[in-house]
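Below is one structure; the comments refer to it alone.
The values are calculated or read from the model by the stated rules, or taken from the named source; none is laboratory data. All figures in this text were calculated on a predicted structure; none of them were measured in a lab. Quick reminder, even Gly has a Cβ in these numbers, built from the backbone with ideal geometry, and neighbours come from all protein chains shown. Note: accessible area is taken over every heavy atom of the protein model, side chains too, but ligands, DNA and RNA are not part of it. Shrake-Rupley method; radii C 1.70, N 1.55, O 1.52, S 1.80 Å.
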Amino acid sequence: MKSIYILLSCFLLSTFIHGQEKFLTKQGYTSFFSSSPVEDIKADNHQVLSIIDTSTGGIAISILMKSFMFEKSLMQEHFNENYVESDQYPKATFKGHISDFEAIKEYEKEVLIKGDITIHGITKTIETKAIIIRSDQSISLKGSFPVKVADFGIKIPSVVVNNIAEVVDVTFEFDHKPYIK
(Lines give C-alpha, C1' and ligand atoms only; values in the text may rest on other atoms or scores of the structure.)
Protein backbone atom coordinates (compact mmCIF):
# COMPACT_ATOMS: atom_id res chain seq x y z
CA MET A 1 0.00 0.00 0.00
CA LYS A 2 2.86 2.35 0.86
CA SER A 3 4.40 1.82 -2.59
CA ILE A 4 1.08 2.81 -4.21
CA TYR A 5 1.13 6.13 -2.32
CA ILE A 6 4.74 6.72 -3.33
CA LEU A 7 3.95 5.91 -6.95
CA LEU A 8 0.87 8.17 -6.91
CA SER A 9 2.88 11.00 -5.29
CA CYS A 10 5.61 10.69 -7.92
CA PHE A 11 3.01 10.78 -10.69
CA LEU A 12 1.34 13.91 -9.28
CA LEU A 13 4.67 15.61 -8.70
CA SER A 14 5.84 14.88 -12.25
CA THR A 15 2.55 16.25 -13.62
CA PHE A 16 2.96 19.41 -11.54
CA ILE A 17 6.58 19.90 -12.61
CA HIS A 18 5.71 19.26 -16.26
CA GLY A 19 2.93 21.86 -16.04
CA GLN A 20 5.45 24.38 -14.71
CA GLU A 21 7.33 24.36 -18.02
CA LYS A 22 4.76 26.67 -19.57
CA PHE A 23 3.52 30.00 -18.26
CA LEU A 24 0.44 31.61 -19.81
CA THR A 25 -1.65 34.76 -19.79
CA LYS A 26 -4.94 35.34 -21.56
CA GLN A 27 -5.23 38.94 -20.39
CA GLY A 28 -1.94 40.39 -21.49
CA TYR A 29 -1.85 44.06 -22.38
CA THR A 30 -0.56 45.72 -25.50
CA SER A 31 -1.09 49.19 -26.91
CA PHE A 32 0.10 51.34 -29.73
CA PHE A 33 0.58 55.08 -29.92
CA SER A 34 0.78 57.24 -33.02
CA SER A 35 1.81 60.86 -32.61
CA SER A 36 1.47 63.34 -35.45
CA PRO A 37 1.19 67.13 -35.72
CA VAL A 38 -2.56 66.75 -36.35
CA GLU A 39 -3.53 64.27 -33.62
CA ASP A 40 -2.39 61.53 -31.28
CA ILE A 41 -3.95 58.09 -31.61
CA LYS A 42 -3.80 55.46 -28.88
CA ALA A 43 -5.39 52.03 -28.73
CA ASP A 44 -5.36 49.47 -25.91
CA ASN A 45 -5.87 45.72 -25.96
CA HIS A 46 -6.31 43.73 -22.72
CA GLN A 47 -7.08 40.37 -24.38
CA VAL A 48 -3.66 39.27 -25.54
CA LEU A 49 -2.68 35.60 -25.32
CA SER A 50 0.96 34.90 -24.50
CA ILE A 51 2.78 31.72 -23.52
CA ILE A 52 6.37 31.13 -22.42
CA ASP A 53 8.05 27.72 -22.51
CA THR A 54 10.55 27.80 -19.64
CA SER A 55 12.39 24.73 -20.93
CA THR A 56 13.47 26.62 -24.09
CA GLY A 57 12.84 30.33 -23.44
CA GLY A 58 10.41 30.33 -26.35
CA ILE A 59 7.58 32.83 -26.39
CA ALA A 60 4.46 33.04 -28.54
CA ILE A 61 1.92 35.88 -28.60
CA SER A 62 -1.43 36.17 -30.34
CA ILE A 63 -3.34 39.44 -30.57
CA LEU A 64 -6.90 39.70 -31.85
CA MET A 65 -6.90 42.94 -33.85
CA LYS A 66 -10.56 43.71 -33.21
CA SER A 67 -9.82 43.82 -29.46
CA PHE A 68 -7.95 47.11 -29.76
CA MET A 69 -10.07 49.81 -28.14
CA PHE A 70 -9.83 53.44 -29.23
CA GLU A 71 -11.07 56.65 -27.63
CA LYS A 72 -13.23 57.34 -30.68
CA SER A 73 -15.35 54.61 -32.25
CA LEU A 74 -14.75 56.02 -35.73
CA MET A 75 -10.99 55.51 -35.28
CA GLN A 76 -11.64 51.91 -34.27
CA GLU A 77 -13.83 51.36 -37.32
CA HIS A 78 -11.21 52.83 -39.69
CA PHE A 79 -8.44 50.82 -38.02
CA ASN A 80 -10.30 47.52 -38.47
CA GLU A 81 -11.85 48.12 -41.89
CA ASN A 82 -9.36 50.29 -43.78
CA TYR A 83 -5.92 49.83 -42.26
CA VAL A 84 -5.33 46.40 -40.69
CA GLU A 85 -8.32 44.82 -42.46
CA SER A 86 -9.25 42.73 -39.41
CA ASP A 87 -11.72 40.52 -41.26
CA GLN A 88 -8.98 39.35 -43.63
CA TYR A 89 -6.12 39.48 -41.07
CA PRO A 90 -7.78 38.88 -37.68
CA LYS A 91 -4.61 38.36 -35.64
CA ALA A 92 -1.13 39.67 -35.15
CA THR A 93 1.33 37.06 -33.89
CA PHE A 94 4.83 36.84 -32.53
CA LYS A 95 6.98 33.72 -32.20
CA GLY A 96 10.40 34.13 -30.72
CA HIS A 97 12.92 33.48 -28.01
CA ILE A 98 14.00 35.23 -24.81
CA SER A 99 17.80 35.20 -24.82
CA ASP A 100 19.62 33.53 -21.90
CA PHE A 101 16.28 32.60 -20.34
CA GLU A 102 17.76 29.74 -18.32
CA ALA A 103 20.10 32.20 -16.54
CA ILE A 104 17.25 34.43 -15.33
CA LYS A 105 16.67 34.05 -11.61
CA GLU A 106 14.17 35.64 -9.25
CA TYR A 107 14.83 39.31 -9.87
CA GLU A 108 14.22 42.03 -12.41
CA LYS A 109 16.47 41.88 -15.45
CA GLU A 110 16.68 43.37 -18.92
CA VAL A 111 16.50 40.71 -21.63
CA LEU A 112 16.65 40.59 -25.40
CA ILE A 113 13.70 39.08 -27.24
CA LYS A 114 14.10 38.15 -30.89
CA GLY A 115 11.60 36.59 -33.24
CA ASP A 116 9.12 36.92 -36.06
CA ILE A 117 6.14 39.25 -35.87
CA THR A 118 3.28 38.92 -38.33
CA ILE A 119 0.91 41.85 -38.88
CA HIS A 120 -1.45 42.28 -41.83
CA GLY A 121 -0.20 38.99 -43.31
CA ILE A 122 3.44 40.14 -43.47
CA THR A 123 6.17 38.63 -41.29
CA LYS A 124 9.29 40.51 -40.18
CA THR A 125 12.06 39.62 -37.74
CA ILE A 126 12.35 41.99 -34.82
CA GLU A 127 14.56 42.38 -31.78
CA THR A 128 13.55 44.27 -28.66
CA LYS A 129 14.66 44.69 -25.08
CA ALA A 130 12.24 43.97 -22.25
CA ILE A 131 12.21 43.86 -18.48
CA ILE A 132 11.51 40.42 -17.05
CA ILE A 133 10.65 39.50 -13.48
CA ARG A 134 10.69 35.76 -12.86
CA SER A 135 9.55 33.71 -9.90
CA ASP A 136 8.08 30.25 -9.34
CA GLN A 137 4.58 31.72 -9.52
CA SER A 138 4.85 34.23 -12.38
CA ILE A 139 6.88 35.58 -15.25
CA SER A 140 6.26 39.24 -16.05
CA LEU A 141 7.45 40.95 -19.21
CA LYS A 142 7.29 44.65 -19.99
CA GLY A 143 8.69 46.55 -22.95
CA SER A 144 8.14 48.51 -26.13
CA PHE A 145 9.29 48.61 -29.73
CA PRO A 146 8.67 50.70 -32.86
CA VAL A 147 6.67 49.44 -35.83
CA LYS A 148 6.99 51.07 -39.23
CA VAL A 149 3.46 50.86 -40.66
CA ALA A 150 4.61 50.62 -44.30
CA ASP A 151 6.74 47.53 -43.49
CA PHE A 152 3.53 45.58 -42.98
CA GLY A 153 1.73 46.75 -46.12
CA ILE A 154 -0.69 48.97 -44.21
CA LYS A 155 -1.66 51.76 -46.55
CA ILE A 156 -2.63 55.15 -45.18
CA PRO A 157 -4.93 57.14 -47.51
CA SER A 158 -3.38 60.43 -48.63
CA VAL A 159 -6.27 62.42 -47.15
CA VAL A 160 -5.24 61.34 -43.60
CA VAL A 161 -1.51 60.73 -44.11
CA ASN A 162 -0.66 63.68 -41.80
CA ASN A 163 -2.91 62.27 -39.04
CA ILE A 164 -1.03 58.98 -38.61
CA ALA A 165 2.65 58.56 -37.80
CA GLU A 166 4.83 56.48 -40.12
CA VAL A 167 6.21 54.68 -37.06
CA VAL A 168 3.97 53.72 -34.12
CA ASP A 169 5.18 52.80 -30.65
CA VAL A 170 3.97 49.42 -29.42
CA THR A 171 4.08 48.64 -25.69
CA PHE A 172 3.36 45.38 -23.91
CA GLU A 173 2.88 44.05 -20.38
CA PHE A 174 2.33 40.37 -19.69
CA ASP A 175 1.93 38.65 -16.34
CA HIS A 176 2.22 34.93 -17.02
CA LYS A 177 1.08 32.31 -14.52
CA PRO A 178 1.89 28.58 -14.52
CA TYR A 179 -0.14 26.72 -17.11
CA ILE A 180 -1.99 23.80 -15.61
CA LYS A 181 -3.78 21.41 -17.95
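Restricting attention to the range 59-76, the residues being over 11 Å from the mean Cα position of the chain (by Cα), open to solvent by 20 Å² or more (accessible area, probe 1.4 Å) and not polar (S, T, N, Q) number 7. In the range 122-130, the count of residues that are in contact with a Pro (Cβ under 9 Å, 6 or more places away or on another chain) and over 16 Å from A60 (Cα atoms) is zero. Can you spot a residue in the range 74-86 that is of a type in the set (V, I, T) and more than 28 Å from S135 (Cα to Cα)? For the range 74-86, residues of a type in the set (V, I, T) and more than 28 Å from S135 (Cα to Cα): present.
Apart from one condition, H120 fits all of (1) at pLDDT 95 or above; (2) out of contact with any strand residue (DSSP E or B) (no Cβ under 7 Å at 6 or more places or on another chain); (3) on the phi < 0 side of the Ramachandran plot; the exception is (3). Being open to solvent by less than 50 Å² (accessible area, probe 1.4 Å), of a type in the set (V, I, T), over 19 Å from A43 (Cα atoms) and in contact with a Gly (Cβ under 7 Å, 6 or more places away or on another chain): is that true of I113 here? It is true that I113 is open to solvent by less than 50 Å² (accessible area, probe 1.4 Å), of a type in the set (V, I, T), over 19 Å from A43 (Cα atoms) and in contact with a Gly (Cβ under 7 Å, 6 or more places away or on another chain).
Taking first residues from the range 142-157 that are closer than 13 Å to F172 by Cα and partners that are of a type in the set (S, T, N, Q) and part of a strand (DSSP E or B), the Cβ contacts under 6 Å between residues at least 6 apart in sequence or on separate chains come to G143/T128; S144/T171; F145/T128.
Of everything in the range 77-89 that's of a type outside the set (D, E, K, R) and within 13 Å of I119 (Cβ to Cβ), which residue is most open to solvent (accessible area, probe 1.4 Å)? Taking the candidates together, the pick is Q88.
Conditions (1) under 17 Å from the mean Cα position of the chain (by Cα); (2) in contact (Cβ under 8 Å) with a residue 24 or more places away in the chain; (3) surrounded by 15 or more Cβ atoms within 10 Å (Cβ to Cβ), marked per residue:
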| position | (1), (2), (3) |
| --- | --- |
| L24 | yes, yes, yes |
| S31 | yes, yes, yes |
| P37 | no, yes, no |
| D40 | no, no, no |
| G57 | yes, yes, yes |
| K91 | yes, yes, yes |
| D100 | no, yes, no |
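Of the strands (runs of 3 or more DSSP E) contained entirely in the range 69-158, those carrying at least 3 residues that are touching a Phe, Trp or Tyr at 6+ places or on another chain (Cβ under 8 Å) and not hydroxyl-bearing (S, T, Y) fall at 108-119, 122-134, 139-148. Residues in the range 136-171 that are under 27 Å from T54 (Cα atoms) and either open to solvent by 40 Å² or more (accessible area, probe 1.4 Å) or in contact with a Gly (Cβ under 6 Å, 6 or more places away or on another chain) (or both): D136, Q137, K142, S144, P146, T171. Can you name every residue in the range 40-55 that is at pLDDT below 95 and within 17 Å of E77 (Cα to Cα)? D40, I41 - these are the residues of the range 40-55 that are at pLDDT below 95 and within 17 Å of E77 (Cα to Cα).
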